[in-house]
Amino acid sequence: MREVFDFVAAAAPHFGQELAAAGSITVQFGRTQGGTPGEWRANSRSITLDPRRASMAHLAGTAVFEILNAASARRVAALEGEARSGRLAVQAEQAQWPADQYFAMEVERIEWENGVRHREIVTSAGGAGSGADLFSAEGDFNAYYERQVRSGHTHSYEFRYNLLREEAASEERRRQAEEGGSSRGNRGHGSSSDSSRRRHRSRR
């Protein structure tokens, strides 16, 4: 852990804005859920590094990359909001893309941009060409995206899009059901009042 800490500390002056955006984060060793060297877990605001998966130098670079992912959480959240509202589907249709693939591509774009930024940070910290320099050979976004598709990496984001849309549809059905119940209740009160008025007139 010391090697990871020392590298992140050395790199910190070169990405202060991203560190501030990421906020308070716990970095820990453990098993990653996806079998990768490291992962950002938004729910627990933690970065897990798996020493079984990579060298300490690689994990040090991974820590920096996952901090960048944490700093991008608001961008991803905004994208998910677009997916839930249906606005992203409109954008995808205009671009002639399936909506789930379009969503996955845009999330991958954020990660690619983080990779480009990672390369700048590592170089500034004197780590160019080291095991921490994870993205030294990274090409343009199209090449990156095609590689992610081939590896199956984008599938989890496509699944995420469909889950978001289903959650939004479920919430809309529940809202309509609640409004329908309220409307029927109001009509019921009106009917009782009308009946009372009819009985009053008949007594006259």
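Taken together, the values in this text are just the output of simple stated rules run on the coordinates, not laboratory data. Here the structure is a predicted model, which is why all the values come from computation and not from measurement. Note that each Cβ is placed from the backbone with ideal geometry, even for glycine, and that neighbours are counted across all protein chains shown.
Based on alpha-carbon atoms only, what is the radius of gyration of the chain relative to the globular estimate 2.2 N^0.38 Å?
With N residues counted in the chain, Rg over 2.2 N^0.38 Å equals 1.55.
Compute the signed sum of charges (Lys and Arg +1, Asp and Glu -1) over the other residues within less than 10 Å, Cβ to Cβ, of A89.
-1
D for the range 88-132, whole µm²/s, Stokes-Einstein with Kirkwood Rh over alpha-carbon pairs at 20 °C and 1.002 mPa s: what number?
174 µm²/s
Post the alpha-carbon centroid distance, the range 1-43 to the range 104-153, in whole angstrom.
With the range 1-43 and the range 104-153 each reduced to a Cα centre, they are spaced 16 Å.
Across all directions of projection, what mean area in square nanometres is found for the Cα convex hull of the range 73-164?
Taking the Cα atoms of the range 73-164, their convex hull projects to 6.5 nm² on average.
Rounded to the nearest 5, what % of DSSP beta bridges with both residues in the chain are antiparallel?
That works out to approximately 50 percent antiparallel.
HN-Hα J couplings of the range 20-31 from phi, Karplus 6.51/-1.76/1.60, θ = phi - 60°, integer Hz, Gly and Pro as x?
Result, ordered by residue: 5, 5, 5, x, 6, 9, 9, 10, 9, 8, x, 8 Hz.
In whole Hz, with x marking every Gly and Pro, tabulate ³J(HN,Hα) for the range 68-76 from phi via Karplus 6.51 cos²θ - 1.76 cosθ + 1.60, θ = phi - 60°.
Once θ is set to phi - 60°, the couplings for the range 68-76 become 5, 5, 5, 5, 8, 4, 5, 5, 5 Hz.
Would you kindly derive the ³J(HN,Hα) couplings of the range 127-138 from the backbone phi angles with the Karplus curve 6.51 cos²θ - 1.76 cosθ + 1.60 (θ = phi - 60°), listing them in order in whole Hz, with x for Gly and Pro?
Karplus-based 3J(HN,Hα) across the range 127-138 equals x, 4, x, 8, x, 7, 7, 6, 10, 5, 9, 5 Hz.
Kindly put V149, V107 in sequence by how many other C-beta atoms sit within 10 Å of each C-beta, fewest to most.
The order, fewest Cβ neighbours first, is V149, V107.
With n ≥ 4 as the cut-off for DSSP H runs, can you work out [θ] at 222 nm for the chain, using -39500 (n - 2.57) per run divided by the number of residues, rounded to the nearest 500?
So the helix-based figure for the chain works out to -23000 deg cm²/dmol.
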